[in-house]
Amino acid sequence: MLPFFVAVVTPNPQHKEFEQQALPHMEVLYNYALRMTNNADDAKDLLQETFLKAYRFWDKFEQGTNLRAWLFRIMKNTYINLYRKEVKEPDKVDYAEIENYYNIIRAESADPNDLQEKLFNQLLDDEVSKALELLPEEFRTVVILCDIEGLAYEEISEFLQIPVGTVRSRLHRGRKLLYTRLYDYAKDRGMVKKDEEK
């Protein structure tokens with residue numbers, strides 16, 4: 001559990017049920033909030049507001065349905081209400097802070113030969129992040145949820161309230177745009193094989 005979320009209610013059966021079912025999704029929601037807000041403090045505020053609303057409306061959640069998608073919908077609506085109204089330019093992402101966050105949560109099981117860790121370190125390159133930020137929002141959202149957070153198409157479909165076919169289409173188009181924007185970047189770093197060159 002992330003330290004900044006503190007329940008402000010007296011424990012009861014509903015509280016325990018909420019804690020057991022909802023809190024395990026906190027990390028993936030925080031990661032998404034951080035990518036949406038581009039600011040660690042705003043991401044924490046958004047996450048806390050999301051969980052407070054989810055707790056307040058816990059009796060409205062239909063048990064047996066996709067809880068993570070329900071929480072993502074609350075977060076998305078909260079983000080729209082809180083942050084989209086602001087006209088200010090969003091702050092830039094502090095990549096060192098994000099890297100430190102991931103290093104902390106992986107510290108105990110870190111393997112120096114871990115391929116995922118090596119790929120993650122490459123993922124934080126400014127060029128890649130900039131290309132991701134330049135994607136139209138509908139494509140960026142599905143790319144982040146699928147390729148970075150690892151959500152299934154069905155979960156993304158529930159979260160965004162769009163058909164699975166639309167998720168696939170947006171993901172395909174988003175990846176194609178990223179490919180186009182990052183082709184030269186990948187080529188310069190020797191990631192493009194000779195037979196893949198244009």
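Just so it is clear, none of the values below were taken in a lab; they were calculated from the coordinates. Remember, it's a predicted structure, so these values are computed and weren't measured experimentally. Glycine gets a Cβ as well: all are built from the backbone with ideal geometry, and neighbour counts include every protein chain shown.
Points worth noting:
- Subset of the stretch 142-153 (residues that are touching a residue at least 24 places away in the same chain (Cβ under 8 Å) and assigned to a helix (DSSP H, G or I)): V142, V143, I144, L145, C146, D147, I148
- Exclusive hit being under 19 Å from the mean Cα position of the chain (by Cα) and more than 18 Å from V142 (Cβ to Cβ), set L71, L47, L34: L47
- Cβ-Cβ contacts under 8 Å between residues 6 or more apart (or on different chains), taken from a first residue in the stretch 62-74 that is in a loop (DSSP other than H, G, I, E, B) to a second residue that is of a type outside the set (V, I, T) and surrounded by fewer than 16 Cβ atoms within 10 Å (Cβ to Cβ), are listed as N66/E154.
- Residue list for the stretch 36-69, filter: aromatic (F, W, Y) and surrounded by fewer than 20 Cβ atoms within 10 Å (Cβ to Cβ): Y55, F57, W58, F61
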